[in-house]
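Structure, as structure tokens:
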Amino acid sequence: MIALDQLRQRFDQAMSGRPEALGWGPGRVNLIGGHVDYNQGLVLPIAIDKGIATALRRRNDKAFNVFSVDLDQRVELAALPTQRIGSFADYLIGVLHELHALGLPQSGWDVLTWGDMPVGGGLSSSAALELSVAMAACAASGFEVDRKQLALACQRAENGFVGMHCGILDQFASAFGLADHALLIDCRSLEHRNVALPQDAFEVAVIDSGVSRKLADSRFNQRRRECEQAARALGVDSLRDASLQMLQNAGIEPLLERRARHIICEIERVRLAVRALEHGDVTHCGELISASHSSLRDDYQVSMEQLDALCQLADGLSGVFGSRLVGGGFGGCTIHLTQRGIFDTLRQRVVEPYSRRFDLKARLMQFTAANGAFSEHCF
Ligand code: GLA
């Protein structure tokens with residue numbers, strides 16, 4: 001996590017003076033439940049101990065100034081634009097518009113953002129940024145919104161302003177994460193509960209494949225449309241209401257059948273994974289995670305050679321319970337549920353041979369399940 005006193009210092013260097021409030025939004029790793037959130041299914045993420053911090057203050061005029069430490073980019077505008085400007089600032093602008101619509105008083109802003117997680121790598125840096133700026137802006141203005149409304153406002157910003165039609169997984173995980181717990185979210189009712197992780201039973205390793213997720217958003221939006229078409233063909237509102245039997249009887253177009261089969265089976269795998277964790281059965285949970293990857297590869301077709309290779313190399317090791325691609329796919333990261341203490345083995349037996357084979361710089365990381373977003377008013 002970014003140290004808050006250093007965040008204040010950075011703000012002072014970039015914007016001269018003190019911030020009014022600080023916000024923190026963690027990234028997330030989804031243990032299982034790939035691509036089911038926008039099909040109203042069940043997902044099981046953890047919030048991680050890495051994310052994005054924001055320091056900000058209101059201005060007396062309407063200007064909007066933002067500096068990203070990670071990108072070393074500054075955006076200075078006379079007012080909050082009503083159209084996207086094609087920069088990282090769109091996430092912040094979208095969130096501020098949504099908060100203004102909820103009643104946050106209008107003002108100009110000086111904002112600094114700084115993270116300690118890979119940006120654009122499938123660990124949800126966008127939701128982390130959205131939650132951290134939303135939490136900080138509310139704290140600065142003394143504006144109270146509950147976490148659910150805040151998470152939904154951030155999702156609307158990403159869907160409507162940024163144009164990425166993500167589900168609610170990332171924003172809910174960042175808002176409601178709890179240390180040492182996973183978060184089971186019913187993406188239809190938005191009910192959610194924390195699931196205790198068996199103590200000391202496993203570690204969560206993540207490997208950034210080094211393959212950038214460029215163009216991933218348009219393919220993600222395409223998968224979303226395919227699911228809507230499959231639901232229509234099956235005569236249900238969403239694939240949450242479909243069953244394998246329905247699918248067998250309906251005889252829908254083969255491509256849509258594959259997409260639907262992934263969603264139907266993945267929702268069931270989430271249920272089984274929760275049960276496995278509650279019984280301390282990490283081995284079975286790992287098997288379900290690897291089955292999720294096979295389904296994302298074969299039926300949902302969001303994997304690629306590099307992600308498959310990382311999962312295959314890792315799953316061949318004793319001490320690895322299961323592996324899958326995480327996030328939207330088409331590049332980004334894989335997650336591995338492992339016994340404790342096999343970090344070096346993963347580096348030697350997975351990351352190094354992978355990097356040589358594909359001539360890519362892969363990065364091995366380890367995360368713990370951490371608390372969700374928070375803010376702090378600076379007096
Ligand atoms: C992206 C989206 C999420 C979710 C995942 C896939 O991270 O932002 O809403 O759909 O992909 O599980």
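Values in this text are rule-based calculations from the coordinates and carry no lab data. Being a predicted model, the structure only gives us computed values, none of them experimental. Backbone-built Cβ (ideal geometry, glycine too); neighbour counts: all protein chains shown.
A compact table of results
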| item | result |
| --- | --- |
| Cα centre as origin, Lys/Arg/Asp/Glu Cβ charges: segment 89-232 dipole, Debye | 600 |
| Linear extension gain, R224 paired with R356, 0.36 nm per residue minus alpha-carbon span | 44.1 nm |
| Separation between Cα centres of segment 1-25 and segment 193-213, rounded to whole Å | 29 |
| Whole-Å semi-axes of the ellipsoid equivalent to the chain (Cα gyration tensor, √5λ, descending) | 34, 24, 19 |
| Farthest positive-ward along segment 272-379 dipole, Cα basis, beta-carbon charges - from A369, V320, Y354 | Y354 |
| GluC sites (Glu not before Pro), loop per DSSP, at most 11 other Cβ atoms within 10 Å - longest free stretch of the chain | 192-379 |
| Isotropic mean projected area of the C-alpha convex hull, segment 179-233 (nm²) | 6.6 |
| Separation in nanometres of the label points that stand 7 Å from Cα toward Cβ, at D12 and Q312 | 5.4 |
| The chain - mean residue ellipticity at 222 nm from DSSP helices (-39,500 (n - 2.57) per run, n ≥ 4, rounded to 500) | -12500 deg cm²/dmol |
| Inter-centroid distance (Cα atoms) of segment 360-379 relative to segment 232-267, Å | 36 |
| Difference of contour (0.36 nm per residue) and Cα-Cα distance, E305 to N371 | 20.4 nm |
| Pair-distance profile P(r), taking every C-alpha pair of segment 244-324, with 5 angstrom steps and integer % | 3, 15, 21, 20, 18, 12, 7, 3, 0 |
| Space enclosed by the convex hull of the alpha-carbon atoms of segment 252-293, per residue, Å³ | 45 |
| Under-5 Å amide H pairs with L104, H placed in peptide plane, nonlocal only | none |
| Lysines whose Cα lies under 30 Å from that of K62, excluding same-chain neighbours fewer than 8 positions away | K148 |
| Options A182, S141, I207, ranked by Cα towards positive dipole end of segment 128-216, top entry (Cβ charges) | S141 |
| When segment 123-186 is reduced to its Cα atoms, the Kirkwood hydrodynamic radius in Å | 12.1 |
